[in-house]
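Peer 1: Dumping the structure here so I can ask a few things about it.
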Amino acid sequence: VQLQASGGGLVQAGGSLRLSCAASGYAFSRHIMGWFRQAPGKERVFVAAISWNGDNTHYADSVKGRFTISRDNNMSMVYLQMNSLKPEDTAAYYCAADYRGLNLAAEMFEYDYWGQGTQVTVSS
């Protein structure tokens, strides 16, 4: 299983970025996907999750209304559209696959495979 995150960069507060995560090596369309983030000196925390068919999503309160998770099962891709970015959104963002779960999870231990992270920096 491989997860490759991309799309990070430097953006001004109020701006937007779209992160992508390319998955391979497993039946992508059958499994929940999630995004987490880790700021310097802090723990990795949940951002968003999406069900296998995209019908259900779950967001951390801190990003609700600003971020949108989506997926393209034909392309084995998951996306995180981030709008109205704030300096506190600065972090390394990781995509993750929940290989075993049936419900959208916000805990790291629920996810079995992780990408390498892509850095998002929001300047004030």
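Peer 1: Can you tell me how region 71-122 classifies by the Cα gyration tensor, rounded, prolate or oblate, using a/c under 1.5 as the rounded cut?
Peer 2: prolate
Peer 1: Over the chain, what is the relative contact order in whole percent, taking alpha-carbon pairs under 8 Å and six or more residues apart?
Peer 2: It comes to 36 percent, rounded to a whole number.
Peer 1: Pairwise over distinct Cα atoms, reciprocal of the mean inverse distance: report the Kirkwood radius of region 6-124 in Å, one decimal place.
Peer 2: One decimal place: 14.1 Å for the Kirkwood radius.
Peer 1: Quick check: pseudo-label points 7 Å beyond the Cα along Cα→Cβ at Asn56 and Ala106, how many nm apart are they?
Peer 2: 1.5 nm
Peer 1: For region 54-94, what percent of Cα pairs sit more than 11 Å apart?
Peer 2: Result: 71 percent of Cα pairs exceed 11 Å.
Peer 1: Moving to a separate point now. Leaving out ligands and nucleic acids, and using a 1.4 Å probe, what accessible area per residue does the chain come to in Å²?
Peer 2: Using a 1.4 Å probe on heavy atoms only, each residue of the chain averages 51 Å².
Peer 1: Only sites in a loop by DSSP and with at most 16 other Cβ atoms within 10 Å count here; which GluC sites (Glu not before Pro) in region 26-124 make the cut?
Peer 2: Passing both the DSSP loop test and the Cβ count: Glu43, Glu107.
Peer 1: For region 1-75, with all protein chains present and a 1.4 Å probe, just round the carbon and sulfur fraction of the accessible area to a whole percent.
Peer 2: 44 percent
The values are calculated or read from the model by the stated rules, or taken from the named source; none is laboratory data. Bear in mind that the values here come from a model prediction, so they are computed numbers and not experimental data. Here Cβ is always computed from backbone atoms with ideal geometry, including for glycine, and neighbour counts include all displayed protein chains. What goes into the accessible areas is simple: the full protein's heavy atoms, side chains included, and nothing from ligands, DNA or RNA. Shrake-Rupley method; radii C 1.70, N 1.55, O 1.52, S 1.80 Å.
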